[in-house]
1. Using the Cα atoms as the points, what is the convex hull volume per residue of the chain in Å³?
2. What FRET efficiency do you get for residue 96 and residue 121 if R0 is 22 Å and r is their Cβ-Cβ distance, rounded to the nearest 0.05?
3. So which lysines pass the test for residue 19, namely a Cα distance under 22 Å, with those fewer than 8 places away in the same chain ruled out?
Amino acid sequence: MRILVVDDEEDVKSLFEQKFRKEIHSGQFEFSFVFSGEEALRFLGNNPSGVVMILSDINMPGMSGIELLKSIRKDYPAAPPKVMMITAYGDNDNHDQAMHFGADDFLSKPVDFNELKVKLLNTL
């Protein structure tokens with residue numbers, strides 16, 4: 001499964017690579033990382049059918065995760081990737097807004113990687 005991680009914190013890349021080392025090595029998961037909503041849209045434009053799941057932070061400078069979600073749902077209606085929103089703010093407003101605009105799931109930071117792994121395996 002090809003997963004695109006969108007987060008303005010670049011240390012997320014090494015964290016995911018560490019937590020999913022076994023799954024990456026076995027070829028079960030393939031992660032790509034971008035560090036802004038704008039970069040995510042460029043990536044999707046270049047890889048329109050390759051991404052199965054997007055894990056996006058909500059609070060990022062420039063384009064927010066919610067704005068990214070709106071663009072994804074508008075521009076990729078035929079074969080939409082699943083989108084899981086991740087935020088440090090587990091408040092109801094962010095959750096309700098993410099779900100309203102078509103998020104498939106929602107996680108709060110700090111990410112429980114065991115819970116995330118189960119969710120990802122259930123989408124295979």
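Only the coordinates and a few stated rules stand behind these numbers; no lab work does. Just so we're clear, the structure is a prediction, and the values are computed from it rather than from any experiment. Backbone-built Cβ (ideal geometry, glycine too); neighbour counts: all protein chains shown.
1. On the way: hull volume 12.1 nm³, N = 124.
Enclosed volume per residue, from the Cα hull, is 98 Å³.
2. Numbers: r = 27 Å, r/R0 = 1.22.
Computed FRET efficiency for residue 96 and residue 121: 0.25.
3. Correct list for residue 19: 82, 109, 117, 119.
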